[in-house]
Amino acid sequence: MQGVAMVVWRKMGKKGFSSTSRALKSFNGYGYQINKSPPLLALDIPDIWTLHSTTNHGPPPPPANNSNEQTAAIIDGKSIAEEIRSGITGEVSRMKDAIGKVPGLAVILVGQRRDSQTYVRNKIKACEEVGITSLMAKLPEDSTEDEVLNVVSCFNENPSVNGILVQLPLPQHMDEEKILNVVRLEKDVDGFHPLNMGNLAMRGREPLFVPCTPKGCIELLLRSGVEITGKKAVVIGRSNIVGLPTSLLLQRHHATVSIVHAFTKNPEQITREADIVVSAVGLPNIVRGNWLKPGAVVIDVGTNPVEDPSSEHGYRLTGDVCYNEAVRVASAITPVPGGVGPMTIAMLLSNTLDSAKRAYRFT
């Protein structure tokens, strides 16, 4: 690198750098920096979403009393997930009868978050229903990273465990990336390992596992007869868990994909051009009816608690998409709850089954 800088200096002589050279190089006090771009990690800043003033038209309207006003078909994730789970039950039974083995899933829960406890409880229950053995390790909130890593290592070495799931988020004092990277690639049923994500991103490569929620979104589209190839798709949100892998999967299915994030200008205008909209932001009703192209297919990943005194628990779940407006514009839409949520668990079970089949060489 130093030799290159010296060559440039000699060519320019005492007159200094040309304007082009100044645009490409900067002086850092110790020598000439060849690249203008900073390290990629320095560019990582959080997406902080706000409701755009151009799209905030007050509270969502009440549900339409006239059923004729609703035009969208409802994509029933609950029934589709039940169909998939029924197939998994049959395959687990066939494996048990043929080789005396069943898939095993280990779940690691750190802390006392109510939402995480609920998610883990639902996953354990789903395992029981399809015949998958489940193991759970509960650790207190103040556990050390090493304690969690030791639990992961034990499950890595356990041959009866085919999948390991670390329930996120972890407590703030822990390095999620470090812990997730310790999970063996062949047991990464969440699909978050960098090699799985990297292989998903590269054409001609096949990841061992695809992240569960994005995989469930694509499965909903395919099983609903939605054409993906050649269509314009917009993914709202770019998290490593949902937004990014969903955009990669849509590209794999030959859609033309745009990603809308917190720094996007005119997000409603970009979204309005899409044939397929997948929203994974985590803000209730941020996507309004006027964001949608008439006839678009909407997959709403958001699951947001909203205060509701009339509800049994004092709150209700709503999506990122203003459902009462969207059903009058879209051709098909997933409800919240009952859309993507059940599919996420079904895909986790499917990934665990696939892992066990590979481990036991069972076809």
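Across the stretch 219-270, the number of residues qualifying as part of a loop (DSSP other than H, G, I, E, B) and β-branched (Val, Ile, Thr) comes to 6. Scanning the stretch 289-307 for residues being assigned to a loop (DSSP other than H, G, I, E, B), modelled with pLDDT of 95 or more and surrounded by fewer than 21 Cβ atoms within 10 Å (Cβ to Cβ) gives a total of 3. Among the residues of the stretch 120-136, those that are within 19 Å of Phe155 (Cβ to Cβ), in contact with a helix residue (DSSP H, G or I) (Cβ under 9 Å, 6 or more places away or on another chain) and part of a helix (DSSP H, G or I) comprise Lys123, Ala126, Cys127. For Thr246, the conditions (1) touching a helix residue (DSSP H, G or I) at 6+ places or on another chain (Cβ under 8 Å); (2) surrounded by fewer than 22 Cβ atoms within 10 Å (Cβ to Cβ); (3) of a type in the set (S, T, N, Q) all hold with the exception of (2). For the stretch 311-342, a residue qualifies if it is in a loop (DSSP other than H, G, I, E, B) and out of contact with any Leu (no Cβ under 9 Å at 6 or more places or on another chain), and the qualifying residues are Ser311, Glu312, His313, Gly314, Gly319, Cys322, Val327, Arg328, Ser331, Pro335, Gly338. Within the stretch 146-164, residues that are of a type in the set (Val, Ile, Thr) have Cβ atoms under 6 Å from residues that are in a helix (DSSP H, G or I) in these pairs: Val148/Ile179; Val152/Val182; Val161/Phe155; Ile164/Phe155; Ile164/Lys187, counting only partners at least 6 apart in sequence or on another chain. Checking each residue in the stretch 86-105 for being of a type in the set (Val, Ile, Thr) and either without any contact (Cβ under 8 Å) to a residue 40 or more places away in the chain or in a loop (DSSP other than H, G, I, E, B) (or both) picks out only Val102. Every condition in (1) more than 23 Å from Arg113 (Cβ to Cβ); (2) part of a loop (DSSP other than H, G, I, E, B) is met by Asp190 except one, and the failing one is (1). Considering the stretch 257-275, the residues that are aliphatic (A, V, I, L, M) and crowded, with 23+ Cβ neighbours inside 10 Å include one that is nearest to Ser239 (Cα to Cα), namely Val260. Within the stretch 137-165, take every residue that is part of a strand (DSSP E or B) and either modelled with pLDDT under 95 or within 17 Å of Glu176 (Cβ to Cβ) (or both) and give me the one that is nearest to the chain's Cα centre (by Cα). This residue is Leu165. Residue count for the stretch 172-214, restricted to those that are surrounded by fewer than 22 Cβ atoms within 10 Å (Cβ to Cβ), in contact (Cβ under 8 Å) with a residue 60 or more places away in the chain and of a type outside the set (A, V, I, L, M): 1. All conditions in (1) at pLDDT below 95; (2) crowded, with 22+ Cβ neighbours inside 10 Å; (3) not acidic (Asp, Glu) hold for Val327, with the sole exception of (1).
The values are calculated or read from the model by the stated rules, or taken from the named source; none is laboratory data. Predicted model, so just to flag it, every value in this text is computed and none were measured. As a convention, Cβ positions derive from the backbone with ideal geometry for all residues, glycine included, and neighbour counts pool all protein chains shown.
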